[in-house]
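Colleague: Pasting a structure here, questions to come.
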Ligand SMILES: NC(=O)c1ccc[n+]([C@@H]2O[C@H](COP(=O)([O-])OP(=O)(O)OC[C@H]3O[C@@H](n4cnc5c(N)ncnc54)[C@H](OP(=O)(O)O)[C@@H]3O)[C@@H](O)[C@H]2O)c1
């Protein structure tokens, strides 16, 4: 587990260990919005686990107002895309050490609502909270497709998904103003299922034989019946921009530049 809060990370790891009976649940501290922190955390993960079978990039955040991180990256893009890009790249060696490893990127159907303006990763001319979030989720999708292509012929697959509309506190964290918090909460609570329903499609992509060998695909989790935690998963079309190889390459190169790392994948 990768957590930015040491105490909550340890408490959650302990809770999972108790519930599953698996004592080997560990937490590593890191902040995805800070590239130096991602590097330290990745080094610690590789030290503890030189072979990785699954990497789930789930963390994300939203921010009411534009701000640059210490690395000069718009903070939504840094947290939701550039940090996970760097983490994935730094863990590729450990993933390749597995006979069949899977990378699961949690994106969102919101990726369809926007286009990818790469200048917005470092500038705030047209900043709006939802646009920045959707853009970062489109980056997740394009990154997944490009990564899958670059990993073709290796033992590592990469897929992404929309977990469904899930009632969580993502829109109520620091950095979100009152009106945005209220709007996000209203949408999330009125229409969302519980976090367990959101976790199921992620686990399906990470562990099910049904998707073994598939790569570069986009899936959507859905609950068959309202208010039932039975989540299924189906493959869906992604934003047409995902087939734009030139855009995917430009995103990859910008992500390398912003994260300060080049990946041979
Ligand atoms: N909820 C939905 O309806 C929905 C719909 C579509 C897609 N998604 C996607 O689902 C994923 C999970 O979101 P969620 O709804 O479960 O939200 P959530 O409950 O807020 O979970 C997001 C997690 O990311 C962590 N995080 C945020 N910033 C971080 C940073 N800088 N470094 C490390 N960790 C950080 C948060 O840590 P803290 O607890 O410390 O804040 C939190 O544990 C996201 O990728 C989101 O885009 C959600």
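Colleague: Mind checking which residues of region 89-120 are more than 16 Å from the ligand (Cβ to nearest atom) and in a helix (DSSP H, G or I)?
Modeller: 89, 92, 93, 94, 95, 96, 118, 119, 120, listed by residue number.
Colleague: Which residues, counting only those in region 15-36, are surrounded by fewer than 17 Cβ atoms within 10 Å (Cβ to Cβ) and in a helix (DSSP H, G or I)?
Modeller: 15, 16, 17, 18, 19, 20, 36
Colleague: Something else about it: Count, please, the residues in region 181-206 that happen to be more than 19 Å from residue 236 (Cα to Cα) and in a helix (DSSP H, G or I).
Modeller: To start, the set of residues in region 181-206 that are more than 19 Å from residue 236 (Cα to Cα) comprises 181-196.
If we keep only those that are in a helix (DSSP H, G or I) too, we end up with 181-191, 195-196.
So the answer is 13.
Colleague: Checking the structure you have, find out if any residue of region 130-142 is near the ligand (Cβ under 9 Å from one of its atoms), within 17 Å of residue 80 (Cα to Cα), in a strand (DSSP E or B) and at pLDDT 95 or above. Break it down into steps so the answer makes sense when it comes.
Modeller: To start, the set of residues in region 130-142 that are near the ligand (Cβ under 9 Å from one of its atoms) comprises 133, 136-137, 140.
Subset that is within 17 Å of residue 80 (Cα to Cα): 133, 136-137, 140.
Applying the additional criterion that residues be in a strand (DSSP E or B) yields none.
Checked region 130-142: no residue is near the ligand (Cβ under 9 Å from one of its atoms), within 17 Å of residue 80 (Cα to Cα), in a strand (DSSP E or B) and at pLDDT 95 or above.
Colleague: Looking at the structure I just gave you, is residue 12 in a helix (DSSP H, G or I), surrounded by fewer than 21 Cβ atoms within 10 Å (Cβ to Cβ) and at pLDDT 95 or above?
Modeller: On the way: in a helix (DSSP H, G or I): yes; surrounded by fewer than 21 Cβ atoms within 10 Å (Cβ to Cβ): yes; at pLDDT 95 or above: yes.
So residue 12 fits the description; yes.
Colleague: Quick test of your reading of the structure: residue 72 fulfils all but one of (1) outside any helix (DSSP H, G or I); (2) under 23 Å from residue 133 (Cβ atoms); (3) within 20 Å of the chain's Cα centre (by Cα). Name the failing condition by number.
Modeller: Residue 72 satisfies every listed condition except (3).
Colleague: Of the numbered conditions (1) more than 10 Å from the ligand (Cβ to nearest atom); (2) touching a strand residue (DSSP E or B) at 6+ places or on another chain (Cβ under 6 Å); (3) within 18 Å of residue 59 (Cβ to Cβ), residue 204 fails exactly one; give the number of that condition.
Modeller: (3)
Colleague: Residue 42: surrounded by 15 or more Cβ atoms within 10 Å (Cβ to Cβ), more than 23 Å from residue 173 (Cβ to Cβ) and more than 9 Å from the ligand (Cβ to nearest atom), yes or no? Quick ask: steps written out before the conclusion?
Modeller: Working: surrounded by 15 or more Cβ atoms within 10 Å (Cβ to Cβ): yes; more than 23 Å from residue 173 (Cβ to Cβ): yes; more than 9 Å from the ligand (Cβ to nearest atom): yes.
In short, yes.
Colleague: When you check residue 58 against the structure, is it within 12 Å of the ligand (Cβ to nearest atom), within 22 Å of residue 91 (Cβ to Cβ) and surrounded by fewer than 17 Cβ atoms within 10 Å (Cβ to Cβ), yes or no?
Modeller: On the way: within 12 Å of the ligand (Cβ to nearest atom): yes; within 22 Å of residue 91 (Cβ to Cβ): yes; surrounded by fewer than 17 Cβ atoms within 10 Å (Cβ to Cβ): yes.
Yes; evaluated as a whole, the condition is true for this residue.
Colleague: Sticking with this structure for a sec: Take the conditions out of contact with any helix residue (DSSP H, G or I) (no Cβ under 8 Å at 6 or more places or on another chain) and without any contact (Cβ under 8 Å) to a residue 24 or more places away in the chain and apply them to residue 190. Does it pass?
Modeller: Spelling it out, residue 190 is indeed out of contact with any helix residue (DSSP H, G or I) (no Cβ under 8 Å at 6 or more places or on another chain) and without any contact (Cβ under 8 Å) to a residue 24 or more places away in the chain.
Colleague: Taking only pairs six or more apart or across chains, which ones have beta-carbon atoms under 6 Å, a first residue in region 42-62 that is within 15 Å of residue 102 (Cα to Cα) and touching a residue at least 12 places away in the same chain (Cβ under 8 Å), and a second residue that is away from the ligand (no atom under 13 Å from the Cβ) and part of a loop (DSSP other than H, G, I, E, B)?
Modeller: 51/97; 51/98; 53/98
Colleague: Among the residues of region 2-24, are any within 14 Å of the ligand (Cβ to nearest atom), closer than 22 Å to residue 160 by Cα and touching a helix residue (DSSP H, G or I) at 6+ places or on another chain (Cβ under 8 Å)?
Modeller: yes
Colleague: Another question, then. Within region 155-175, is even one residue within 12 Å of the ligand (Cβ to nearest atom), surrounded by 17 or more Cβ atoms within 10 Å (Cβ to Cβ) and closer than 19 Å to residue 248 by Cα?
Modeller: yes
Colleague: Let me ask something else about it. I'd like to know if region 186-199 contains one or more residues that are away from the ligand (no atom under 12 Å from the Cβ) and either crowded, with 22+ Cβ neighbours inside 10 Å or more than 12 Å from residue 104 (Cα to Cα) (or both).
Modeller: First, the residues of region 186-199 that are away from the ligand (no atom under 12 Å from the Cβ): 186.
Remaining after also requiring either crowded, with 22+ Cβ neighbours inside 10 Å or more than 12 Å from residue 104 (Cα to Cα) (or both): 186.
So far as region 186-199 goes, yes, one or more of its residues are away from the ligand (no atom under 12 Å from the Cβ) and either crowded, with 22+ Cβ neighbours inside 10 Å or more than 12 Å from residue 104 (Cα to Cα) (or both).
The values are calculated or read from the model by the stated rules, or taken from the named source; none is laboratory data. These numbers were taken from a predicted model, which means no experiment stands behind them. No Cβ is skipped: glycine too gets one built from the backbone with ideal geometry, and neighbour counts run over all protein chains shown.
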